[in-house]
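Let me begin by presenting the structure, written as structure tokens, before commenting on it.
The values are calculated or read from the model by the stated rules, or taken from the named source; none is laboratory data. In this text the structure is predicted, and so the values were computed from the model without any measurement. Glycine also receives a Cβ, built like all others from the backbone with ideal geometry; neighbour counts cover every protein chain displayed.
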Amino acid sequence: MIPIQNKKPFTLVLTLDEPHRKILLGMKKRGFGMNKYNGFGGKLEPTETVEEAAHRELWEESTISARNMKKVGLNLFSFENNPVAMEVHVYVVTEYDGTPTETEEMRPEWFSYDDIPYDDMWTDDRQWIPIMLKNKKFIGEFYFAEDQKRIISQVLEEVDVV
Ligand code: 6OG
């Protein structure tokens with residue numbers, strides 16, 4: 001168990017085009033996770049709720065505005081020799097306004113559910129994204145080696161309520 005004072009909240013939004021079985025990912029152009037595809041998200045501003053932050057980050061990084069948003073998962077990421085864990089709240093969006101557009105942080109790109117670029121993503125993603133795409137909810141805990149690639153230990157469960 002990771003003590004609560006050492007967890008920092010983050011958001012992560014996956015936008016799905018369900019009729020066409022496509023997922024919107026962004027190539028991260030800078031900062032933590034640079035050169036990896038991921039959903040859109042980030043840290044919370046001091047006065048916002050997690051969901052408000054999820055909407056704002058999606059807008060700031062892809063220029064789309066979510067019309068719906070469903071909480072589907074919670075991932076706790078910790079790294080060897082780093083006392084602060086990331087508590088990442090995962091949301092799915094299926095309806096939005098606007099067109100995904102490249103920003104300073106992200107280059108958006110649609111991928112078929114059958115062609116998700118897991119080799120260019122965080123190592124944990126290939127484990128929980130398939131659960132999410134089956135419309136299931138999950139809670140995960142991943143402890144990474146210092147190289148930020150190898151997962152030393154993990155727990156991942158499907159749940160009814162996140
Ligand atoms: P900024 O530094 O851009 O927020 N994030 C992760 N996402 C996945 N899929 N796997 C991980 O495994 C992750 N660690 C962090 C949370 C960082 C963004 O990256 C996500 C945030 O959306 C370790 O503010």
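Among the residues of the stretch 38-71, those identified as part of a strand (DSSP E or B) and surrounded by fewer than 18 Cβ atoms within 10 Å (Cβ to Cβ) are 43, 65, 70, 71.
Any residue at all in the stretch 104-113 that is within 10 Å of the ligand (Cβ to nearest atom), within 15 Å of the chain's Cα centre (by Cα) and surrounded by 13 or more Cβ atoms within 10 Å (Cβ to Cβ)? Step through it out loud before you land on a result.
We begin by selecting, within the stretch 104-113, every residue within 10 Å of the ligand (Cβ to nearest atom); these are 105-106.
Restricting the remaining residues to those that are within 15 Å of the chain's Cα centre (by Cα) gives 105-106.
Next cut, surrounded by 13 or more Cβ atoms within 10 Å (Cβ to Cβ) only: 105-106.
Yes, some residue in the stretch 104-113 is within 10 Å of the ligand (Cβ to nearest atom), within 15 Å of the chain's Cα centre (by Cα) and surrounded by 13 or more Cβ atoms within 10 Å (Cβ to Cβ).
Among the residues making up the stretch 124-136, a single one is surrounded by 16 or more Cβ atoms within 10 Å (Cβ to Cβ) and outside any helix (DSSP H, G or I): 124.
Can you tell me which residues in the stretch 137-154 are basic (Lys, Arg) and part of a strand (DSSP E or B)? Break it down into steps so the answer makes sense when it comes.
Residues of the stretch 137-154 basic (Lys, Arg): 137, 149-150.
Result: 137, single match.
Of the listed requirements (1) closer than 19 Å to residue 148 by Cα; (2) out of contact with any strand residue (DSSP E or B) (no Cβ under 8 Å at 6 or more places or on another chain); (3) surrounded by fewer than 12 Cβ atoms within 10 Å (Cβ to Cβ), residue 33 misses just one: (3). Here residue 70 meets each of (1) on the phi > 0 side of the Ramachandran plot; (2) of a type outside the set (S, T, N, Q); (3) free of Cβ contacts under 8 Å to residues at least 40 places away in the same chain with one exception, condition (1). Kindly check whether there is at least one residue in the stretch 132-155 that is modelled with pLDDT of 95 or more, farther than 23 Å from residue 51 by Cα and away from the ligand (no atom under 14 Å from the Cβ). Taking every residue of the stretch 132-155 in turn, at least one turns out to be modelled with pLDDT of 95 or more, farther than 23 Å from residue 51 by Cα and away from the ligand (no atom under 14 Å from the Cβ).
Please go through the stretch 139-162 and pick out each residue that is free of Cβ contacts under 8 Å to residues at least 24 places away in the same chain and of a type in the set (Val, Ile, Thr). Spell out the reasoning first.
Filtering the stretch 139-162 down to residues free of Cβ contacts under 8 Å to residues at least 24 places away in the same chain leaves 147, 153, 155, 157, 159-160.
Listed by number, the residues that qualify are 155, 159.
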